[in-house]
Amino acid sequence: MEVVVRVDRKGRVLIPKHVREVLGIDEGSTLKLRVEEGRIVLEPIGSIASRFYGVFKVERWPEDLDEFIVEAVRSWWRGGT
């Protein structure tokens, strides 16, 4: 699927409704954005990440959210903060 969209003055991009429906993106969904080989890749964060989003205090936003969540859960499980 390919769709052409525009960036507005504030840097926002509207994800068309049919794309949101196909990907299961609703208002409040969390997405991961990365730059890869000169492209912007935007993908929904899986259910594990969604369940833990906002649970742990984050001093610096991680580059790899999935890896961060796994490590945070391991630390929490061992009794860390």
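The values are calculated or read from the model by the stated rules, or taken from the named source; none is laboratory data. Bear in mind that the values here come from a model prediction, so they are computed numbers and not experimental data. With ideal geometry, Cβ positions are generated from the backbone for all residues, glycine too; neighbour counts draw on all protein chains shown.
Please specify each residue of segment 4-30 satisfying the condition of being of a type in the set (A, V, I, L, M), assigned to a loop (DSSP other than H, G, I, E, B) and under 17 Å from the mean Cα position of the chain (by Cα).
Restricting attention to segment 4-30, the residues satisfying the condition of being of a type in the set (A, V, I, L, M) are 4-5, 7, 13-15, 19, 22-23, 25.
Still in the list and also assigned to a loop (DSSP other than H, G, I, E, B): 4-5, 14-15, 25.
Answer for segment 4-30, where residues must be of a type in the set (A, V, I, L, M), assigned to a loop (DSSP other than H, G, I, E, B) and under 17 Å from the mean Cα position of the chain (by Cα): 14, 15, 25.
Would you mind stating whether residue 45 is touching a strand residue (DSSP E or B) at 6+ places or on another chain (Cβ under 6 Å), at pLDDT below 90 and not small (Gly, Ala, Ser)? Give the derivation first.
On the way: touching a strand residue (DSSP E or B) at 6+ places or on another chain (Cβ under 6 Å): yes; at pLDDT below 90: yes; not small (Gly, Ala, Ser): yes.
Yes, satisfied.
Is it fair to say residue 60 is assigned to a loop (DSSP other than H, G, I, E, B) and either more than 13 Å from the chain's Cα centre (by Cα) or at pLDDT 90 or above (or both)?
On the way: assigned to a loop (DSSP other than H, G, I, E, B): yes; either more than 13 Å from the chain's Cα centre (by Cα) or at pLDDT 90 or above (or both): yes.
So residue 60 passes the test.
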